[in-house]
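This report refers to the structure that appears directly beneath it.
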Amino acid sequence: MKLSAHYNRANIIITVLVLAAGGLIYFFIISQLGRNQLDRDLSEELEEVIDYVNINGKLPHQVDFDEDITEFVKVNTQRIETRFFDTVYTEKKEKQPKTGRAISGLIKVNGDRYKVTITESSESTEYLVQVITIITLVLMLILLVVVFITNRFILNGLWKPFYDTLNKLKAFNLSDQEHFELTKDKVDEFDQLNTAVHAMSLRVKSDYHHLKQFTENASHEMMTPLALITSKLDTLIQDETLKYDQLQQINDIYNATGKLSRLNQSLLLLVKIENNLINGTELVELQALIDQKARQFHELSLNKRLSIRVNPRKKEVLASKYLMDILFNNLFSNAIRHNNQDGLIVITLTDESLVFSNSASAGPLNTDVLFERFSKGQQSDGMGLGLTIVKNICSLYNWQIDYQYHDKAHAFIIKFDTAT
Amino acid sequence: MKLLVVEDERGLRENITSYFNEDGTVCESCGSLAKAIDKLHNYDYDCVLLDIGLPDGEGFGVLEYLRNNQKNEAVLIISAKNSLDDKLKGLNIGADDYLTKPFHLAELKARVLAIYRRKAFNSNSKLIFNEITIHLPGRHVEVNQHPIVLTRKEYDMLLYFIANKEKVIAKNAIAEHLWGDEMDMHDNFDFIYTHIKNLRKKLLDFTDNDYLKSIYGIGYKFTER
């Protein structure tokens, strides 16, 4: 529910209650005033009747007091309190009973006692009530219409800067170069909001920039010593007096350095993928890429005399060519490394998915930690980052990756996002 | 060939210089952007090896200096940053190649010679090593005027060995040159042996000189001796 709707609901409920209460109070006061007026009229008439009787010594005729109905009833009681009361009466000409206000009292005419009752119509008061009710209802209606119009044309306009800011926030991307645009607004609150968001975006961008620089600097700081070690080794092995044992040791250092450098590269790559620092997506034709990779890895698979079977199909994905290269390098490397002698690699590409399966003897892998960093199989001499990278590349593009094991074969299934 | 090495890590600079100096290449070096521009102002070089992360600024400044002064030095960037953006930036403002640290000296030398040949001979050249003649544009090889057919890997390997003749090259370096470091094959370099064996056999078909020596335990050496 929108803020304006919340506000309107409260507004309408309170206004309607106040209006109704006001109407009620108004009604009671007006009707009280009306009754008092009627009572005053009736007392005056009663006095007129008494004056008439005192002067003329007889009861007046009905006609003399039009609109009002005066009745005289002979009574024997000594005293009757003068009192006012509400009553219902019927005029002679009309059949409909009417509500009225009456006064009754005692008069003496030539020694006879009469109870006199004067009744006056109270219709005007009722009419007043109707008018008040109608005015109250009309006011409520006008209020609703006004609220609706305010909502529609004024409030929406007022809130527009807020929605603009909201949309900009939604579209905000850390890796974008452009900054959050600061717009000046008439409303102080929105102005403050914009300023706060602007300040926040600048802060976040600068933090992000620092992180990016840190990763790059970390790479630099580690790669240079590694380059130094490698070049020292390259120079060292030129020495012809070195013996086989010493060369073996150097070879081990080479391997460790190579591993360290690949580890560093992989970690930096992971940071880049996780922070979405890889730019440049294009349509990548997977079939061609798989064919190319299969050719590249063919030689490496010869050692185990593996056969690579590709069930290809034209399939294009929107992705970074660089990451796709890495994805297939890792999948192929894994499929070759964890294979049997004379084993098989089967790659099946369809519109929806890519299945990479290879024969194995070791049994199913532990799916809980399979894609975790630095988790690796018992026979694996890798770094345990390959599948993490594969998984991160997949999640970057909203692809789903699953692992299955059946018929003594590992299978990695990548389901492409249907949107791409 | 005259070479300028711009690298702030002293040890690395010395190793590169001594590796290149041995076969008659004149190799000078410096460790900062200002000194590099000073040297380039006073002398001409064939090739500049340029580190991007220098203490007094980014190495891109050297590229800009060369471009603004219409100097014709070939530039090979050696950067610790394996960043696509940097690579594209460097190549866009006039670098000829980009090599990421850590690298093998053999790889560096092969790359430098390749861009040197491209610049110096307009890529219309033959590379002659005794009885072996390599026609670079057509990528075909003759031994004693007999054409021999090499696979792509064998051809790359032959060029690599000739660029680093008289040097011991580690198996790791050969593997990285042929397959790139993405192909993470974990210290198992047996497959190189097959390629070396085939290359040696093809060369020996038309010559008696066995240039390819195996240095037991570490790698290979292409040598006349």
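Tabulated values for the structure
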| item | result |
| --- | --- |
| Sole residue being closer than 30 Å to A:Phe332 by Cβ and within 13 Å of another protein chain (Cβ to nearest Cβ), chosen from A:Ile290, A:Ile229 | A:Ile229 |
| Enumeration of residues in segment B:78-112 that are over 25 Å from A:Ile273 (Cα atoms), buried (at least 20 other Cβ atoms within 10 Å of the Cβ), more than 7 Å from every other protein chain (Cβ to nearest Cβ) and of a type in the set (A, V, I, L, M) | B:Ala95, B:Leu108, B:Ala110, B:Val112 |
| Residue count, segment B:101-131 (criterion: outside any helix (DSSP H, G or I) and either within 25 Å of A:Met222 (Cβ to Cβ) or within 15 Å of the chain's Cα centre (by Cα) (or both)) | 5 |
| All positions within segment B:151-166 that are among the basic types (Lys, Arg) and either crowded, with 23+ Cβ neighbours inside 10 Å or away from every other protein chain (no Cβ under 12 Å) (or both) | B:Lys165 |
| Some residue of segment A:194-213 being within 14 Å of another protein chain (Cβ to nearest Cβ), surrounded by 14 or more Cβ atoms within 10 Å (Cβ to Cβ) and assigned to a helix (DSSP H, G or I) | yes |
| Candidate set from segment A:271-287 (those that are in contact with a helix residue (DSSP H, G or I) (Cβ under 6 Å, 6 or more places away or on another chain) and touching a residue at least 60 places away in the same chain (Cβ under 8 Å)); member that is farthest from the other protein chains (Cβ to nearest Cβ) | A:Ile273 |
| Residue in segment A:231-245 that is under 18 Å from B:Thr100 (Cα atoms) and either within 52 Å of the chain's Cα centre (by Cα) or polar (S, T, N, Q) (or both) present | yes |
| Qualifying residues in segment A:311-345 (those that are within 46 Å of the chain's Cα centre (by Cα) and of a type in the set (Val, Ile, Thr)) - the one farthest from the other protein chains (Cβ to nearest Cβ) | A:Val317 |
| Only listed residue being within 17 Å of the chain's Cα centre (by Cα) and either small (Gly, Ala, Ser) or in a strand (DSSP E or B) (or both), chosen from B:Val141, B:Val48 | B:Val48 |
| Filter pass, B:Ile16 being of a type in the set (Val, Ile, Thr) and assigned to a strand (DSSP E or B) | no |
| Residue match in segment A:123-141 (condition: within 30 Å of A:Ala20 (Cβ to Cβ), in a loop (DSSP other than H, G, I, E, B) and of a type in the set (Gly, Ala, Ser)) | no |
| Residue list for segment B:136-150, restricted to those being surrounded by fewer than 16 Cβ atoms within 10 Å (Cβ to Cβ) and at pLDDT 90 or above | B:Asn144, B:Gln145, B:His146, B:Pro147, B:Val149 |
| Complete set of residues in segment A:237-250 that are assigned to a helix (DSSP H, G or I), out of contact with any Gly (no Cβ under 6 Å at 6 or more places or on another chain) and either at the interface with chain B (Cβ under 7 Å from one of its Cβ atoms) or buried (at least 20 other Cβ atoms within 10 Å of the Cβ) (or both) | A:Ile250 |
| Single unsatisfied condition, A:Asp234 versus (1) in contact (Cβ under 8 Å) with a residue 12 or more places away in the chain; (2) at the interface with chain B (Cβ under 7 Å from one of its Cβ atoms) | (1) |
| Strands (runs of 3 or more DSSP E) lying entirely in segment A:1-120 (those with 1 or more residues that are of a type in the set (Phe, Trp, Tyr) and modelled with pLDDT of 80 or more) | A:69-74, A:83-90 |
| Hits in segment B:10-65 - residues which are of a type in the set (Val, Ile, Thr) and surrounded by fewer than 20 Cβ atoms within 10 Å (Cβ to Cβ) | B:Thr17, B:Thr25, B:Val26, B:Ile37 |
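The values are calculated or read from the model by the stated rules, or taken from the named source; none is laboratory data. On a predicted model such as this, the values are computed, not experimentally measured, just so you know. All Cβ positions, glycine included, derive from the backbone under ideal geometry; neighbour counts span all protein chains shown.
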